[in-house]
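These notes are about the structure you will find just below.
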Amino acid sequence: MVKIPENRVDDCRIADYWDSLDDLKVKCRLCPFNCLLSDGKMGICRGKQNSAGTLLAINYGWTTSLSMDPIEKKPLYNFHPGTSILSIGPNGCNLKCNFCQNYHVSQSEYPVSYLTPMQAADTALNHGSIGLAYTYSEPLIWYEYVRETSVEVHRLGLKNVLVSNGYINPEPLDELLPLVDAMNIDIKSMDPQFYKKVCKATLAPVLETVKRAAKRTHVEITNLIIPGLNDSEENFTALVDFIADIDPLIPLHFSRYHPAFHQNASGTPIGAMRKAGKIARKRLAHVYLGNVSSFEGSVTLCPDCNGIVIERSGYTVTATNLSESGVCGNCGAKTGVVC
Ligand code: SF4
């Protein structure tokens, strides 16, 4: 780890997915914003900058954190349960959600330290991690670094995990997916107006990312419930139908919101969490309630015999009844859990 130099631009890697235009302008093609940037300008995400007609990945290698977390904290409940994963993340984000629960790292300048891809992968190996999680803020704006680091992680026989808002164009996503072992993708609402007003973005690209990712890798979904904004029965039903139509074994995590950043709505009542859980269990096998101390919100059941296959207390796995290939210890059915 080294200290941040004053001028990061000179050390930067040239970005992937951009076009050179007249008058030293560039167009970034990484995410659906497709930012058009004049010389010297930064993209919405603050991770890319036009330097004399070349788009630079100015966030390459710079991480706001380096810490070992339970995999359950990502949250990924059905991917190598009970293991720990080294977690890193960039500064900045392409979305501007007014309720951001991590706004210190996503929406403002935050201290960063430098790790080469090989240093990051080696650190994961040396600390007994199952791999690297790219998380805390949006890893897709760290695209060049995530891709190159993921190659090193796989070279060491470890796993790559992305915790993402899913806001990326299809072409770069498809190039990245073969390197990704698991993703948790946020679907913040099924209402396009919510994305427009609250996140300054659009819903359709997120849903497209979920569909593409679910074909190639293990996917879990998170939905942060904000009272009055996305907690209607219609919204929950639309979310559940969308996921179940792809695969009813995809886990859905409902997460409790706390007032943060520019959002003052009061915290999510337990009742809203339970209501969402009840609707979701009609069509999905694995529904979890985050930040709620309830047995039914943290236990993993076999989708076939309904027997308990994983019990948890907080982020700690306390009991499992699964084979190494993730089949139910009671009835032998496939559970969708990757062990
Ligand atoms: S990745 Fe950043 S610079 Fe590129 S289009 Fe998206 S917000 Fe703009």
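The values are calculated or read from the model by the stated rules, or taken from the named source; none is laboratory data. Because the structure is a prediction, the values reported are computed rather than measured. Note: ideal-geometry Cβ built from the backbone for every residue, glycine included; neighbour counts use all protein chains shown. The area values use the complete protein model at the heavy-atom level, side chains included, leaving out ligands, DNA and RNA. Shrake-Rupley method; radii C 1.70, N 1.55, O 1.52, S 1.80 Å.
Residues whose amide H falls under 5 Å from that of residue 220, counting only those 5 or more places apart or on a different chain, are 183, 184, 185, with hydrogens built in the peptide plane.
Residues whose amide H comes within less than 5 Å of that of residue 136, counting only those at least five positions distant or on another chain, are absent (H built at 1.01 Å from N in the peptide plane).
In order along region 271-279, phi translates into HN-Hα couplings of x, 5, 5, 5, 4, 4, x, 5, 5 Hz, rounded to whole numbers, per the Karplus curve 6.51 cos²θ - 1.76 cosθ + 1.60 with θ = phi - 60° and x for Gly and Pro. Within the listed set 210, 105, 198, the Gaussian network model of the chain (springs between alpha-carbon atoms below 10 Å) gives the highest mean-square fluctuation for 198.
Per-residue Karplus couplings for region 319-334, computed as 6.51 cos²θ - 1.76 cosθ + 1.60 with θ equal to phi - 60°, are listed in order as 7, 9, 9, 9, 7, 5, 8, x, 9, 4, x, 7, 10, x, 7, 6 Hz, Gly and Pro entered as x. Considering only 56, 108, 319, and ranking their Cα positions along the charge dipole of the chain that arises from unit charges at the beta-carbon of Lys, Arg, Asp and Glu, the one farthest toward the positive end is 319. Applying 1/(1 + (r/R0)^6) with R0 = 22 Å to the Cβ-Cβ distance of residue 233 and residue 293 gives a FRET efficiency near 0.35.
In straight-distance terms, cross-link reach from residue 275 covers every one of the lysines whose alpha-carbon lies under 30 Å from its own, apart from those fewer than eight places away in the same chain; here that gives 73, 74, 96, 188, 196, 197, 200, 211, 215, 334.
For a quick check of your reading of the filter: which trypsin sites (Lys or Arg not before Pro) in region 212-307 sit in a DSSP loop and have no more than 12 other Cβ atoms within 10 Å? Please list the in-between numbers first.
Working: sites: 212, 215, 216, 256, 274, 275, 278, 281, 282, 283; in loops: 282, 283.
Loop-located and lightly packed - 282.
With the simple model of a label 7 Å out from the Cα in the direction of the Cβ, residue 258 to residue 154 spans 3.8 nm.
Which percent of the accessible area of the chain is formed by carbon and sulfur heavy atoms (probe 1.4 angstrom)?
Working: 7240 of 14230 Å².
Result for the chain: 51 percent of the exposed heavy-atom area is carbon or sulfur.
Label-to-label distance, residue 334 versus residue 174, with points set 7 angstrom from Cα along the beta-carbon direction: 2.5 nm. Highest mobility in the GNM of the chain, judged by mean-square fluctuation with C-alpha springs under 10 Å and restricted to 127, 154, 258, is found for 127. Cα centroid separation, region 60-86 to region 121-166: 9 Å.
Taking 0.36 nm per residue of sequence separation and subtracting the Cα-Cα distance, how much length would be gained by fully extending the chain between residue 323 and residue 246, in nm to one decimal? The partial results should precede the final answer.
Working: separation 77, 0.36 × 77 = 27.72 nm, distance 2.53 nm.
Full extension from residue 323 to residue 246 adds 25.2 nm.
Between residue 197 and residue 67, the simple spin-label model (points 7 angstrom out along Cα→Cβ) gives 3.4 nm.
Under 5 Å between amide hydrogens, built in the peptide plane, is the criterion, and for residue 290 it picks out 254, 255, 256 among residues at least 5 positions away or on other chains.
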